[in-house]
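Derivation of every value follows stated rules applied to the coordinates shown; laboratory data play no part. Since the structure is predicted, the reported quantities are computational estimates derived from the model, not experimental observations. Positions of Cβ are generated from backbone atoms using ideal geometry, with glycine treated the same way; all protein chains shown enter the neighbour counts.
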Ligand SMILES: Nc1ncnc2c1ncn2[C@@H]1O[C@H](COP(=O)(O)OP(=O)(O)OP(=O)(O)O)[C@@H](O)[C@H]1O
Ligand SMILES: [Mg+2]
């Protein structure tokens, strides 16, 4: 569960990126966060990951109070969150398998579990046979799926994707979105997708939260551009 | 906390060392210098202290007499010296006896002294033994009294207290100079090692970022770098120990060569081996670890 109460974020240089934001996302929900460039979408995701602390207000994420939480507990919070980045951020000198296994090693999983889970996760993402390829030997869609496999491999309850469809062609962004919706519907993970792509948002008819100049200006289910 | 994948963590540490081979090499080199200077400071002061202690326990003063002293002059001189306070024994060593003792000492090379048989260049001397445990001040008074016997024929006084004083001064100079040099080298080592590890951190910054995102603990992220620092330190310590060992061997042979026959004592290296090993290991590991922490700290602020 994600809960923001009167959250304001002012960067040290004085930029007010978020103003008095209130938002509640239940476990198992699928939510799009949309808004113009500079509206504060990335700032919101960074607050949820506790890369930044709110200037004021309360944030609860999966049972963690982000305002009061000590630094050493941050890793525990992060283990409940799977992140998909805009340009995927796959490690170029590691194979597909190593990229996924790396995420498990980082949190101290057992060697046996790593082998089993990483392999099966690659299977789920239809990446069998690509285990030993390097990221630059993959298509855009395959890279996407490796990134998603890495985000999911530690079994987080929530997926946060900031512009995961950023630089790829529309067909691929539909594919990725389908995977995210699948993950949400089949295993009930909470999914928060930050995106610009109006078509996709309209197509899935999910909950859409619109930010404008750091404020939530609309929060409803259905297409972003539906007429009232 | 239980650490899994320790093998993996060590592999990362060694990767870091080899990836920045040149900087690792520089780190090891500067750490070795630092350790050898530290070790040398220690063994030198220990040796000097030991020799000072030895000399302070040597309660004899040797007075040389003018060349043409007649027997009655020597006898009256001896009488006068015996009357000086704190003197417990006065022994006349004639120049012939002195020459003989030299010849004995040089054994096979005693023929070197044959030419002196005719015309002995040595002087008669008195070996003055004073009471044990008297103060430096009392010794000085005694020496002064002996100096006052110049008119009676005393030309030179060999007092080992003088040497003790000189050695003590030397020890002070050495410990001050070398201590500062050690501190300076430590500062340099620290920065070189820190920058080496910082390079490793830099070349793995993307991995580190991902690790933080997936929820790796700070400690687990830091571990390979701390191990890298420790390994650099221990490796340097091992080499420095070897260097110190050979240096000590070579130098003590040199010192014993120039030393006046048993006058200087060089302590055996075995006397220091454990303490040096411990100092080297502790100091180098501490430097590596602290530098590792500092390197990661710099990274965090970015
Ligand atoms: N680290 C920062 N320091 C200062 N100001 C920042 C920082 N990050 C973002 N901002 C500012 O905060 C505002 C919101 O930025 P944010 O990145 O959240 O927008 P966004 O909605 O993600 O935009 P985009 O769609 O372009 O990614 C912007 O005005 C931006 O310039
Ligand atoms: Mg953004």
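Between 0 and 90 degrees, rounded to the nearest ten: what's the tilt of helix A:140-152 against the longest Cα principal axis of chain A?
Between the helix axis and the principal axis of chain A, the angle is about 80 degrees.
How high is the FRET efficiency from residue B:82 to residue B:187, r the C-beta distance, R0 41 Å, rounded to 0.05?
Once rounded, the FRET efficiency stands at 0.10.
State the dimensionless ratio Rg/Rh of segment A:89-155 (Rg: radius of gyration of Cα atoms; Rh: Kirkwood radius).
Result for segment A:89-155 is an Rg/Rh of 0.92.
How long are the three semi-axes of the equivalent ellipsoid of segment B:57-159, in whole Å, if each is the root of 5 times an eigenvalue of the C-alpha gyration tensor, listed from largest down?
27, 17, 10
Put a dot 7 Å past each Cα toward the Cβ at residue B:71 and residue B:29; how far apart are the dots in nm?
Result: 7.3 nm between the two label points.
Partner chain Cβ atoms within 10 Å, averaged over the residues of A:99-106 - can you pull that number for me?
5
Can you compute the modelled spin-label distance between residue A:73 and residue A:220, with each label point 7 Å from Cα toward Cβ, in nm?
Going from the residue A:73 label point to the residue A:220 one covers 3.8 nm.
Tilt of helix B:136-147 relative to the longest C-alpha principal axis of chain B, in degrees (0 to 90, nearest 10)?
Approximately 40 degrees, to the nearest ten.
Just counting partner chain Cβ atoms within 10 Å, what average do the residues of peptide B:202-213 show around their Cβ?
If you average over the peptide's residues, the count of other-chain Cβ atoms is 4.
Based only on other Cβ atoms within 10 Å, what is the fewest-to-most ordering of B:248, B:8?
Least crowded to most crowded, the residues run B:8, B:248.
Please rank B:169, B:124, fewest neighbouring Cβ atoms within 10 Å first, as an exposure proxy.
In increasing order of surrounding Cβ atoms, one gets B:169, B:124.
Report for chain A the percent antiparallel among DSSP-assigned beta bridges with both residues inside it, nearest 5. Walk me through the numbers on the way to the answer.
Numbers: 19 of 37 bridges.
Roughly 50 percent of the beta bridges in chain A run antiparallel, per DSSP.
If packing is taken as the average number of other Cβ atoms within 10 Å across a peptide's residues, how do B:274-282, A:176-184 rank, most packed first?
Output ranking for B:274-282, A:176-184: A:176-184, B:274-282.
Extending each Cα 7 Å along its Cβ direction at residue A:53 and residue A:20, get the distance between those two points in nm, one decimal.
About 2.4 nm, to one decimal.
Just how far, in whole angstrom, is segment A:198-220 from segment A:124-156 if you go by their alpha carbon centroids?
About 28 Å separates the Cα centre of segment A:124-156 from the one of segment A:198-220.
Once you order the gyration tensor axes a ≥ b ≥ c over the Cα atoms, which shape class does segment A:32-120 get: rounded for a/c under 1.5, otherwise prolate or oblate by comparing a/b with b/c?
oblate
Please average, across the residues of A:77-88, the number of beta carbons from any other chain that are within 10 Å of each residue's own beta carbon, and give a whole number.
That average works out to 2.
Using only the alpha-carbon atoms, how far is helix B:160-203 inclined from the longest principal axis of chain B? Give it as 0 to 90 degrees, nearest 10.
Here the helix axis deviates by roughly 10 degrees.
Efficiency by 1/(1 + (r/R0)^6): what FRET value for residue A:133 and residue B:180, r their Cβ-Cβ distance, R0 = 45 Å, to the nearest 0.05?
Between residue A:133 and residue B:180 the formula returns 0.20.
What number, in percent, do you get for the relative contact order of segment A:41-97 if the mean sequence gap of Cα pairs under 8 Å and at least 6 apart is divided by its residue count?
Once normalised by length, the contact order is 24 percent.
Got the relative contact order for chain B handy, in percent, Cα pairs under 8 Å and 6 or more residues apart?
With pairs under 8 Å counted, the relative contact order is 31 percent.
I need B:34, B:63 ordered by Cβ neighbour count within 10 Å, fewest first.
Arranged by neighbour count, lowest to highest, B:34, B:63 become B:63, B:34.
Give the distance, in whole Å, between the Cα centre of segment A:1-56 and the Cα centre of segment B:120-156.
Measuring centre to centre over Cα atoms gives 93 Å.
Sequence gap at least 6, Cα distance under 8 Å: using those rules, report the relative contact order of segment A:65-212 to the nearest whole percent.
That works out to 29 percent.
Evaluate E = 1/(1 + (r/R0)^6) for residue B:209 and residue A:27, where r is the Cβ-Cβ distance and R0 equals 25 Å; express this FRET efficiency to the nearest 0.05.
Calculated transfer efficiency: 0.35.
Tell me the mean residue ellipticity at 222 nm calculated for the protein assembly as shown from its helices only (DSSP H runs of n ≥ 4, each -39500 (n - 2.57), averaged over every residue, nearest 500).
After summing the helix terms and dividing by the residues of the protein assembly as shown, the value is -18500 deg cm²/dmol.
Given 0.36 nm per residue, what is the gain on full extension from residue B:18 to residue B:140 after removing their alpha carbon distance, in nm?
37.6 nm
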